[in-house]
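Okay, structure first, notes after.
Any read-out appearing in this document is the output of simple, stated calculations on the displayed coordinates, not a laboratory observation. Please read these numbers as outputs of a predicted model, since none were measured by experiment. Because the Cβ atoms are built from the backbone with ideal geometry, glycine has one as well, and the counts that use them run over all protein chains shown.
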Amino acid sequence: MADNRVVEGRMVTPGKLAELIEGEGIMDAEPIEDTDRECPECGGSVLSVGYMPSVTEFVTGYKCQDCDWSETDR
Ligand SMILES: [Zn+2]
C-alpha cells in the first residue's frame, strides 16, 4: 500500500484522494504522484492523482496535503 499518502492527517488511497477532490464517488484512480507545486492557500505540498469520474472522462486532480484546497485540470 505504498501508494497511500497522508492528507489532512488521514491516510488515503488514490481512490479516496480522488473522491476528496471530486466530492463524490469515482470509478477508477491511478497512483498518487508528488508535484513540485505549492498550495496557494497554505504553502503545503500538493499531490496529484489521475482518475475517471465516469467512463468517458479522465481528470487530473490536485490536492494539498495540509488543507482542503484542491483543483482539477477541467
Ligand atoms: Zn494547503
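Cβ separations smaller than 8 Å between residues 6+ apart or across chains give the following pairs from the stretch 14-29 residues that are farther than 16 Å from Phe58 by Cβ to residues that are of a type in the set (Ser, Thr, Tyr) and buried (at least 16 other Cβ atoms within 10 Å of the Cβ): Leu20/Ser70. Among the residues of the stretch 2-19, the ones that are under 15 Å from Cys64 (Cβ atoms), of a type in the set (A, V, I, L, M) and surrounded by fewer than 18 Cβ atoms within 10 Å (Cβ to Cβ) come to 1 in all. May I ask you to list the residues in the stretch 39-74 that are among the basic types (Lys, Arg) and surrounded by fewer than 18 Cβ atoms within 10 Å (Cβ to Cβ)? Arg74 - this is the single residue of the stretch 39-74 that is among the basic types (Lys, Arg) and surrounded by fewer than 18 Cβ atoms within 10 Å (Cβ to Cβ). Return yes when Ser70 is hydroxyl-bearing (Ser, Thr, Tyr) and touching a Lys or Arg at 6+ places or on another chain (Cβ under 8 Å) and no when it is not. Considered against the rule, which asks whether it is hydroxyl-bearing (Ser, Thr, Tyr) and touching a Lys or Arg at 6+ places or on another chain (Cβ under 8 Å), Ser70 comes out as yes. Looking only at residues that are within 16 Å of the ligand (Cβ to nearest atom) and not in a strand (DSSP E or B) in the stretch 36-62, which one is farthest from Glu24 (Cα to Cα)? The qualifying residue farthest from Glu24 (Cα to Cα) is Gly43.
One residue alone among Val55, Val12, Val46, Val6 is touching a helix residue (DSSP H, G or I) at 6+ places or on another chain (Cβ under 8 Å) and of a type in the set (A, V, I, L, M), and that residue is Val12.
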